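The values are calculated or read from the model by the stated rules, or taken from the named source; none is laboratory data. None of these values were measured; they are calculated from a predicted model. For neighbour counting, all protein chains shown are included, and Cβ atoms are generated from backbone atoms with ideal geometry for every residue, glycine included. Heavy atoms of the whole protein, side chains included, go into the accessibility calculation; ligands, DNA and RNA do not. Shrake-Rupley method; radii C 1.70, N 1.55, O 1.52, S 1.80 Å.
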Amino acid sequence: MKKVFIVLISLVLLLGVTGCGKNNFDIGEKSKVEVVDKYVTFEIDDETLTNESVTVVFRNNSEYTVSYGTPYELEIKEDGEWHKINVELFFTMPLMSLEPGESIDLEFNWAESYGELAKGEYRIIKSVTVESTSPEKIYVAAEFTIVE
């Protein structure tokens with residue numbers, strides 16, 4: 001009886017450990033996003049980073065107004081290359097703007113859509129429009145590492 005109990009406890013612990021540290025999403029094709037950083041900076045606030053969320057400092061370094069919305073995507077680095085993460089995402093669609101020289105803290109909570117992130121290298125991708133004489137849609141990114 002004692003041996004059966006020890007085997008059952010061992011199986012429960014083994015199943016619990018094998019489920020830890022693995023993402024619950026499908027890693028997709030190689031990313032085709034080209035990041036442009038000549039107009040804005042998009043930087044992780046390291047003190048806020050968890051496996052569920054982060055705050056990013058978004059700064060307009062250009063002479064133009066920059067428009068943006070709430071949508072974003074996460075990508076994961078696999079074998080030295082960025083890959084899309086296949087999840088279904090839902091966002092509201094307000095349009096906000098950032099004037100020249102302004103900055104704002106943007107909070108990203110991906111727990112509901114991507115789940116808790118496992119150990120690895122990730123980046124947040126966000127599209128913005130630079131309202132120059134010829135408006136230009138660009139992508140900005142902030143890279144981060146989950147260590148636990």
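Tabulated values for the structure
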{"item": "Gly28, sole failed condition from (1) more than 19 Å from Phe108 (Cβ to Cβ); (2) of a type outside the set (A, V, I, L, M, F, W, C); (3) at pLDDT 95 or above; (4) open to solvent by less than 40 Å² (accessible area, probe 1.4 Å)", "result": "(3)"}
{"item": "Members of the range 85-96 that are in contact (Cβ under 8 Å) with a residue 40 or more places away in the chain and either polar (S, T, N, Q) or open to solvent by 60 Å² or more (accessible area, probe 1.4 Å) (or both)", "result": "Asn86"}
{"item": "The one condition in (1) open to solvent by less than 20 Å² (accessible area, probe 1.4 Å); (2) under 28 Å from Ser132 (Cβ atoms) that Ile76 fails to fulfil", "result": "(2)"}
{"item": "In the range 55-95, residue nearest to Leu106 (Cα to Cα) [restricted to those that are among the aliphatic types (A, V, I, L, M) and out of contact with any Lys or Arg (no Cβ under 9 Å at 6 or more places or on another chain)]", "result": "Val57"}
{"item": "Residue identified as open to solvent by 60 Å² or more (accessible area, probe 1.4 Å), among the acidic types (Asp, Glu) and in contact with a strand residue (DSSP E or B) (Cβ under 7 Å, 6 or more places away or on another chain) among Glu99, Glu112", "result": "Glu99"}
{"item": "Any pair with Cβ under 9 angstrom, 6 or more apart, that starts in the range 49-71 at a residue that is open to solvent by 50 Å² or more (accessible area, probe 1.4 Å) and ends at one that is among the polar types (S, T, N, Q) and not in a loop (DSSP other than H, G, I, E, B)", "result": "Glu52/Asn109; Arg59/Thr41; Arg59/Ser103; Asn61/Thr41"}
{"item": "Strands (runs of 3 or more DSSP E) lying entirely in the range 66-127 (those with 3 or more residues that are in contact with a helix residue (DSSP H, G or I) (Cβ under 8 Å, 6 or more places away or on another chain))", "result": "none"}
